[in-house]
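Report on the following structure.
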Amino acid sequence: MSAAVVTRWDGFLAQVRERFVQIMREAEEGCPMLLQQANFDPLPMGNAWSAIEIRAKQLETKIDETWNAQVEGAFEQAGAPPGAIAYERAKGEALRDWFEVERERTRIKIWSDAGRTFYRRALAELGRPFACVHCTAPLEVPFTYRALDVPCPHCRNVNGFEPGTYMRMGEICVHPLSEEAAWPAWLAMRQAENAWRAARPVTIQHLKAWERAQIAYWHAYLSARARLLPDTARAFDADLRGKMRAFYEQMEREGPWIQAGRPRDLV
Ligand SMILES: [Zn+2]
């Protein structure tokens, strides 16, 4: 009876999902505490996250392994038609996909929160209001990890902002903070990539949609990075081309791309 197999499979997926949610919750609660306990040394938190990531990936693998080793065969023995088996397999794939997105979202949140913690701590350590040296008007402390020239909005005097050691420590969080800012674009890029993978046959429209989604992602990422590290703004165009290089190399192996005359948006 395939109904019993469906019940067992659903039960297994629900159990794996619960364990995964639990692990991610532990990470979100535990990692910031580790950062505090280690007096803002990010290493223990980094080690803890690596261990959590391994456990999460094991659960992802377990879905595939269980399907291949037990569930698919059980459905076949129960006489389930191919369409029903494909439907059940897709449940596992959807859950695995959700795990991957949630794992990324959690990693980015933990490290971005750490970046904001470094920032707040540095503000507290600054100990004095950041004010214009010329007219003493209060200035907003920029959320940046690098030294910066801040023009006074009242008298136009240019004030040097030195973020200090604590602020500079937060520089390791620039990557996740940039990823966080580009998160909606990352989801769209992933969707475009999945559409390309699933396409039979692949058309130039799939490839163009994937290209646009990648450019949009890197644009959002590099723009966020330039706000945190203003000196990287100069290299924006070169960096964007660098990030897109692998994509364009891959397109050299895609027939529809070649036949359409290599229609690059980024030249
Ligand atoms: Zn001023």
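Extending 7 Å from Cα along the Cβ direction at Arg8 and again at Tyr87 yields two label points whose distance is 2.0 nm. Note on the chain: GNM, Cα springs under 10 Å; of Gly242, Gly73, Gly83, the largest mean-square fluctuation is that of Gly83.
What's the longest uninterrupted piece of the chain once you rule out the trypsin sites (Lys or Arg not before Pro) that are loop residues per DSSP with at most 11 other Cβ within 10 Å? Counting at most 11 other Cβ atoms within 10 Å as exposed, the longest clean stretch of the chain is 1-155. When only Cα pairs below 8 angstrom with a gap of at least 6 residues are kept, region 157-267 shows a relative contact order of 27 percent.
Of the residues Cys135, Gln15, Met45, the one whose Cα sits farthest towards the positive end of the charge dipole of the chain is Cys135 (charges of +1 on Lys and Arg Cβ, -1 on Asp and Glu Cβ, taken about the Cα centre).
With +1 on each Lys and Arg Cβ and -1 on each Asp and Glu Cβ, how big is the dipole of region 12-74 about its Cα centre, in debye rounded to the nearest 20? Please report the intermediate quantities before stating the final value.
Values: 6 positive and 10 negative charges, 17 e Å.
Rounded to the nearest 20 debye, it is 80 debye.
Using 0.36 nm times the number of residues separating Ala94 and Leu240, minus their current alpha carbon distance, what extension gain do you get? Numbers along the way, then the final one.
Numbers: separation 146, 0.36 × 146 = 52.56 nm, distance 3.15 nm.
That pair, Ala94 and Leu240, stretches by 49.4 nm at full extension.
Based on Cα contacts under 8 Å between residues 6+ apart, the chain shows a relative contact order of 14 percent. Distance between the modelled labels on Glu53 and Gln205, one decimal in nanometres: 3.7 nm (7 Å Cα→Cβ projection). Within the listed set Gln214, Gln70, Gln36, the Gaussian network model of the chain (springs between alpha-carbon atoms below 10 Å) gives the highest mean-square fluctuation for Gln70.
For the Cα trace of region 182-267, dividing Rg by the Kirkwood Rh returns an Rg/Rh value of 1.02. Pairs of Cα atoms in region 59-146 fall into 5 Å distance bins, from 0 up to the last occupied one, in shares of 3, 11, 13, 12, 9, 7, 6, 6, 6, 6, 5, 5, 5, 3, 2, 1, 0 percent.
Taking 0.36 nm per residue of separation and subtracting the current Cα-Cα distance, fully stretching the chain between Asp231 and Ile258 would add 6.0 nm.
Here's the list of lysines a cross-link from Lys57 could span, going by alpha-carbon distance under 21 Å and ignoring same-chain residues fewer than 8 apart: Lys91, Lys109. Each of Ser223, Ile204, Ile258 was placed along the dipole of region 182-267 (beta-carbon charges, centred on the mean Cα), and the one lying farthest toward the positive end is Ile204. Around the Cα centre of the chain, unit charges on the Cβ atoms of Lys, Arg, Asp and Glu (plus for the first two, minus for the last two) sum to a dipole of about 480 debye. An ellipsoid equivalent to the chain, defined through the eigenvalues of its Cα gyration tensor, has semi-axes of 45, 28, 12 Å when rounded to whole angstrom and sorted largest first. What are the membrane-span-like helices in the chain by this rule: whole DSSP H runs, Cα extent along the axis at least 27 Å, mean Kyte-Doolittle hydropathy at least -0.5? TM-like helix candidates: 2-37, 43-66, 204-228. Computed about the Cα centre, the dipole magnitude for region 182-267 is approximately 100 debye when only Lys and Arg (+1) and Asp and Glu (-1) carry charge, each at its Cβ. Our estimate of slack between Thr165 and Val267, defined as 0.36 nm per intervening residue step minus the Cα-Cα distance, is 32.7 nm. Projected label points at Leu187 and Val21, each 7 Å from Cα along the beta carbon direction, are separated by 1.8 nanometres.
Note on region 1-127: Rg/Rh from Cα positions, Kirkwood definition for Rh, rounded to two decimals, is 1.19.
A short reminder: the numbers here are calculations on the coordinates, not readings from a lab. Everything numeric in this text was worked out from a predicted model, so none of it was measured. For neighbour counting, all protein chains shown are included, and Cβ atoms are generated from backbone atoms with ideal geometry for every residue, glycine included.
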